[in-house]
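The values are calculated or read from the model by the stated rules, or taken from the named source; none is laboratory data. It should be emphasised that the depicted structure is a prediction, and the values quoted were computed from it without experimental measurement. Cβ sites come from the backbone with ideal geometry, for glycine too, and all protein chains shown count toward neighbours. To get the accessible areas, we keep the full protein, side chains included, count just its heavy atoms, and leave off ligands, DNA and RNA. Shrake-Rupley method; radii C 1.70, N 1.55, O 1.52, S 1.80 Å.
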Amino acid sequence: MKAKSWRELPPGAVILDAGNAREVKTGSWRTFRPVWVEENCSHCLFCWLFCPDMAVIVKDGKMAGFDYDYCKGCGICAFECPGKKGKKAIFMEEESK
Amino acid sequence: MADTVEIRWHGRGGQGTVTAAKVLADACLSGGRFVQAFPEYGPERAGAPLKAYNRIGTKELRMHCPVLNPQVVSVVDATLLDTVDVTEGAAENAVFIVNTAKEPQEIRQKLGAKPGQRVFTVDATRIAMETIGKAFPNSPMLGAVVRVTGLVSLEHLLEDVRKSFGKKFSEKIIEGNLNAVRRGYEEVKEG
Amino acid sequence: MATELKLKELAKKEPLFTSGHRLCAGCGAAIVAKMVLLAAADYPLVLANATGCLEVASCIQDYTAWRVPWIHSAFENAAVTLAGVETMYRALKKKGKIDREIKFIAFGGDGGTYDIGLQSLSGAMERGHDLLYVCYDNGAYMNTGIQRSSATPLGAETTTSPAGSAIPGKLQRRKNLTRIIAAHNVPYVAQAAPSHWADLMKKVRKALAIKGPKFINILSPCNRGWRTRTDDAIMLSRLAVETCYWPLYEVENGVTKITFKPKEKKPVEEFLKTQGRFKHLFKPENEWIIRQFQEEIDREWERLQKEETLYS
Amino acid sequence: MARVGAVTGNEAVAEALRQINPDVCAAYPITPQTELMQRFAAFVANGKVDTELILVESEHSAMSACIGAAAAGGRVATATCGPGLALMWEMLYVAAGMRLPIFMAVVNRALSAPLNIHGDHSDAMGARDAGWVQLWSENAQEAYDNMIQAVRIAEHMDVRLPVMVCYDGFIISHSIQRAELFEDNVVKGFVGEYKPLNPLLDLDHPKSYGPLILPDEYHEYKRAQHEAMTKVKDVVLGVAEDFARISGRRYGLFEAYRLDDAEVGLVILNSAAGTAKDVVDAFRERGVKAGLLKPRLFRPFPYEEVAAALKGLKAVAVLDRADSFGGYGPVFMEIASALYPLAERPVVINKIYGLGGRDFLPDHAAAVLNELVEIARTGRVRVAKEYIGVRE
């Protein structure tokens, strides 16, 4: 975003564009990324629930992958994933791979 | 009367001295006059000596300091004469109005009043006891001050007292106070 | 109709607290805010925030992660700032300028709630404003670099209560803020934790349905301050509940109810050993602190159970 | 028709607030403001206003609640004094930085220690840099008039800044004076309907108030805030003009009293200016060309206008009822700054008077004027800053 002149600023620093933080792509913070293994997924949605960055995509009530624009790679989703038959549906892998 | 009349009241906390100054200011508003009424503020409580002031003028009153050279000194409690110099700064032609059963001549001597100064007395506490049933001498003192200064007519003062007391007090108390004012007005005497 | 407290249903709505906020990876406060708003999303909402991690990271220069009206004015006054908003709402409603039923929620960390904001919170609770105050308790001033607060647990190392050779971390026990607010005799006070999400959301729902001042104290794991991994916030929350370090209960109109009783109460070491801030407690000379810690927990748990039986 | 009443300053301002009928008022009692809020609470209790009154637990919370209420989107008033204003300090800046048109009566009182509850300008002078518009008032009438005008100034779309209306504790707040009070409908018509700007309670357009702003933008925000202040003078004059129409009373940025041909002059705020005006008249009668400047708008300070009003004088004394310990009095600093750009300027001296309610007497004004006459004659200044009315 272009740096603004003082003349262009909203009075009192009020932000009028609610939820515009989505323009800030925090995915760049990530050093590890969650990888989804669909066949192990029970669609319990705990990953969606516990994700601090609202970076788990749910479609029609089912887990549908990650929004890597925002995922900071904390790994809570992988840690909390119950998986299926002892196999986790999410694992973390190093970002550079 | 001069453009501005300055009055100093001497009383004790709880005697209604400040109220008297306020009622007088209110009554003097008529005729487009300018008024001030204010006590000297301190942490004093009931019983402590206090001063209150009035300025009544035909021009805007811009002085916002205590009255230093009063033309009228109203002493609501005569016991103050022994502890407070009520003559301090009084104008050469000042009038003193003292609540006491004593004769004006005696008070005149006690005050050491100057030749141009006049001394009046009124037994305001006795009047208050007989009219209101309590030792609140401020109403008779108001009557006396108005009589001596001629700032407003008695009728006007009575009307104003009724108005300002009417908000808070019963008819019995109001009547008592009106009587007290009237008697103060009538019984004040010069020596 | 309120959205069912089922994840499939809740996930249908776009979250009111959005991505793009700048809280740390794995932040508990983000999860707490998200859960509270998931539970509250059926209502028109207006929020306030005390200065702190959640505030600086969610609303920073031109960008806000809040999709509902939100105000931050200072560190110590989220409760009364929101009380001002809520009062204006009542004034304008009375004049017919607003007709919607708005719910008001304030967020503050333990610094802004237990310490510097306690007076403002107490005032707002006593005056009966119709608002819910949510404290996300991460047990120290994390925003400014992990300084001790009155919510910092006994023995914990912070940057202002370092585990030194003479003093082994914080020597004072936590303030029990939930009880302090309950002593205001407000209609609803509760303690919750994000690991027990359904319990948390039910409490938020219950609170919002009640008119008057409400308070929920929510445990908020902080991997930076607790010296843990970024992926274990929920596990730590679970351990806090299961050791009864962070009992889940509510006080509704003066009646205490424990909302979750662990089948087996785990020893506090299980919670302490997971975190770097307690590492020094496991040296032999500091074992007394762990004993004292356990005694505190036992006493409070005992008290809560007794209090509960008073009304059952 | 206006009503003429004998009222205390607090009573007059309470009347103004009743007639303005704000949506929300949050306040905490403190002497000598207490009587004002008591009266207002009675109005609320008796249904004389529609205001929702929040009786908070501190002044810090009073201003915080005002900020929340104002951001929410309605008209907000409060009142305080002395230590209460000091406790609000942090939030004063927030109110101004958020551009919230809150208006507040400040019943000027001294700051501790030692404890003192009396008239003194240290409170408002300490708050002068907070970004609030400051109007100062000589007496009950001016306090009442300023409070009513403050609403229009604060809420003007070019301004949208909080305004404090100052008047002297006890000297004005507690003394009964004659004042002309409007009929309620006149005030209602004058202040008009409140027009919210970015109301937080507008759910269809959610906003975030109070973001964190980093060094690469904060500076710009403060520049913008200053810009709003530069609009205040014109708005103050415009509002004063409208006010003169309903009242016949004319207000400016300051009052220039017998300054036109004056050679010596006093600059003095609030109630002491009244006392000094009588002394100026007495000097005029003696043939001394004396005058007086009484600032009304102290923030923003009208430097050019003040300089123009004082430039023909030979000697000026600035009287301060507050001190900046180790510096000059706060009014002096402004006057000196105003006069500095002039090629030829009066000699300026500073007198500190009346701290903690010490009476300002006609003799004090007379002594200062005599000193100015001497300075005008000889060009020699005995002492630049001095306490007057102090026991040596």
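Of C:Lys103, C:Lys95, all but one fail to be without any contact (Cβ under 8 Å) to a residue 12 or more places away in the chain and either at positive phi or open to solvent by 10 Å² or more (accessible area, probe 1.4 Å) (or both); the exception is C:Lys95.
The residue of region B:60-74 that is surrounded by the most Cβ atoms within 10 Å (Cβ to Cβ), among those that are at the interface with chain D (Cβ under 7 Å from one of its Cβ atoms) and not hydrophobic (A, V, I, L, M, F, W, C), is B:His64. When each of B:Lys110, B:Lys168 is tested for being of a type in the set (Lys, Arg) and exposed (fewer than 15 other Cβ atoms within 10 Å of the Cβ), the lone residue that passes is B:Lys168. Take the conditions surrounded by fewer than 24 Cβ atoms within 10 Å (Cβ to Cβ), over 19 Å from D:Asn10 (Cα atoms) and within 16 Å of the chain's Cα centre (by Cα) and apply them to D:Leu92. Does it pass? So D:Leu92 passes the test. Condition (residue is closer than 16 Å to D:Met125 by Cα, open to solvent by 40 Å² or more (accessible area, probe 1.4 Å) and free of Cβ contacts under 8 Å to residues at least 40 places away in the same chain) applied to region D:353-363: is it met by at least one residue? Scanning region D:353-363 turns up no residue that is closer than 16 Å to D:Met125 by Cα, open to solvent by 40 Å² or more (accessible area, probe 1.4 Å) and free of Cβ contacts under 8 Å to residues at least 40 places away in the same chain. Surrounded by 17 or more Cβ atoms within 10 Å (Cβ to Cβ), under 15 Å from C:Asn176 (Cβ atoms) and out of contact with any strand residue (DSSP E or B) (no Cβ under 7 Å at 6 or more places or on another chain): does that describe C:Trp301? Here the answer is yes, as C:Trp301 does meet what is asked.
Residue by residue through region D:1-36, note down the ones that are in a loop (DSSP other than H, G, I, E, B) and either outside the structural domain of D:Ser64 (by the TED database) or over 19 Å from D:Trp136 (Cβ atoms) (or both). D:Met1, D:Ala2, D:Asn21, D:Pro22, D:Asp23, D:Tyr28, D:Pro29, D:Ile30, D:Thr31 - these are the residues of region D:1-36 that are in a loop (DSSP other than H, G, I, E, B) and either outside the structural domain of D:Ser64 (by the TED database) or over 19 Å from D:Trp136 (Cβ atoms) (or both). Selection within region A:1-41: residues that are more than 8 Å from chain C (Cβ to nearest Cβ) and in contact with a Pro (Cβ under 7 Å, 6 or more places away or on another chain). The member of this set that is most open to solvent (accessible area, probe 1.4 Å) is A:Leu16. Restricting region D:221-233 to residues that are closer than 27 Å to D:Phe254 by Cβ and either in contact (Cβ under 8 Å) with a residue 12 or more places away in the chain or of a type in the set (A, V, I, L, M) (or both) leaves a set whose member that is nearest to the other protein chains (Cβ to nearest Cβ) is D:Ala224.
Does at least one position in region B:113-129 carry a residue that is among the acidic types (Asp, Glu) and in contact with a Pro (Cβ under 9 Å, 6 or more places away or on another chain)? Within region B:113-129 (the criterion being among the acidic types (Asp, Glu) and in contact with a Pro (Cβ under 9 Å, 6 or more places away or on another chain)), the answer is yes, since at least one residue qualifies.
Counting only residues that are at negative phi and either touching a residue at least 12 places away in the same chain (Cβ under 8 Å) or assigned to a loop (DSSP other than H, G, I, E, B) (or both), region A:48-68 holds 13 of them. Of everything listed in (1) in a strand (DSSP E or B); (2) away from chain C (no Cβ under 14 Å), the single unmet condition for D:Ile54 is (2).
On inspection, C:Ala156 fails the criterion of being buried (at least 24 other Cβ atoms within 10 Å of the Cβ), farther than 21 Å from C:Ser237 by Cα and not hydroxyl-bearing (Ser, Thr, Tyr). Scanning region C:227-254 for residues that are in contact with a Leu (Cβ under 7 Å, 6 or more places away or on another chain), within 14 Å of chain A (Cβ to nearest Cβ) and open to solvent by less than 10 Å² (accessible area, probe 1.4 Å) gives a single hit, C:Ser237.
Note on region C:77-92: residues that are surrounded by fewer than 23 Cβ atoms within 10 Å (Cβ to Cβ) and either more than 7 Å from every other protein chain (Cβ to nearest Cβ) or in contact with a Leu (Cβ under 6 Å, 6 or more places away or on another chain) (or both) total 0. Kindly indicate whether any position in region C:210-229 is among the aliphatic types (A, V, I, L, M), in a loop (DSSP other than H, G, I, E, B) and more than 18 Å from the chain's Cα centre (by Cα). The answer is yes; a qualifying residue exists.
All of C:Gly112, C:Gly96, C:Gly108 fail the test of being assigned to a strand (DSSP E or B) and more than 7 Å from chain D (Cβ to nearest Cβ), apart from C:Gly108.
The number of residues in region D:163-220 that are among the small types (Gly, Ala, Ser) and either surrounded by fewer than 21 Cβ atoms within 10 Å (Cβ to Cβ) or more than 14 Å from chain B (Cβ to nearest Cβ) (or both) comes to 4. Residue-level analysis places C:Thr259 among those that are open to solvent by 10 Å² or more (accessible area, probe 1.4 Å) and either in a strand (DSSP E or B) or under 19 Å from C:Cys135 (Cα atoms) (or both).
In region A:69-86, which residues are more than 7 Å from every other protein chain (Cβ to nearest Cβ), surrounded by 15 or more Cβ atoms within 10 Å (Cβ to Cβ) and without any contact (Cβ under 8 Å) to a residue 24 or more places away in the chain? Within region A:69-86, no residue meets the criteria. A count restricted to region A:1-47 and to residues that are assigned to a helix (DSSP H, G or I) and either touching a strand residue (DSSP E or B) at 6+ places or on another chain (Cβ under 6 Å) or of a type in the set (Gly, Ala, Ser) (or both) stands at 8.
For region D:82-128, taking the residues that are touching a residue at least 40 places away in the same chain (Cβ under 8 Å) and acidic (Asp, Glu), the one that is farthest from D:Ile30 (Cα to Cα) is identified as D:Asp120. Out of B:Glu155, B:Glu60, report the one residue that is out of contact with any Cys (no Cβ under 9 Å at 6 or more places or on another chain) and free of Cβ contacts under 8 Å to residues at least 12 places away in the same chain. Matching residue, one of B:Glu155, B:Glu60: B:Glu155. For region C:127-145, the set of residues classified as under 17 Å from the mean Cα position of the chain (by Cα) and open to solvent by less than 60 Å² (accessible area, probe 1.4 Å) consists of C:Leu131, C:Leu132, C:Tyr133, C:Val134, C:Cys135, C:Tyr136, C:Asp137, C:Asn138, C:Gly139, C:Ala140, C:Met142, listed by residue number. The single condition among (1) assigned to a helix (DSSP H, G or I); (2) open to solvent by 30 Å² or more (accessible area, probe 1.4 Å); (3) out of contact with any helix residue (DSSP H, G or I) (no Cβ under 7 Å at 6 or more places or on another chain) that D:Pro114 does not meet is (1). Checking A:Ala89 against (1) of a type in the set (A, V, I, L, M, F, W, C); (2) within 7 Å of chain C (Cβ to nearest Cβ); (3) out of contact with any Leu (no Cβ under 7 Å at 6 or more places or on another chain), which single condition isn't satisfied? Against the list (1) of a type in the set (A, V, I, L, M, F, W, C); (2) within 7 Å of chain C (Cβ to nearest Cβ); (3) out of contact with any Leu (no Cβ under 7 Å at 6 or more places or on another chain), A:Ala89 comes up short only on (2). In this structure, B:Ala27 does not qualify as within 10 Å of another protein chain (Cβ to nearest Cβ), open to solvent by less than 10 Å² (accessible area, probe 1.4 Å) and without any contact (Cβ under 8 Å) to a residue 60 or more places away in the chain.
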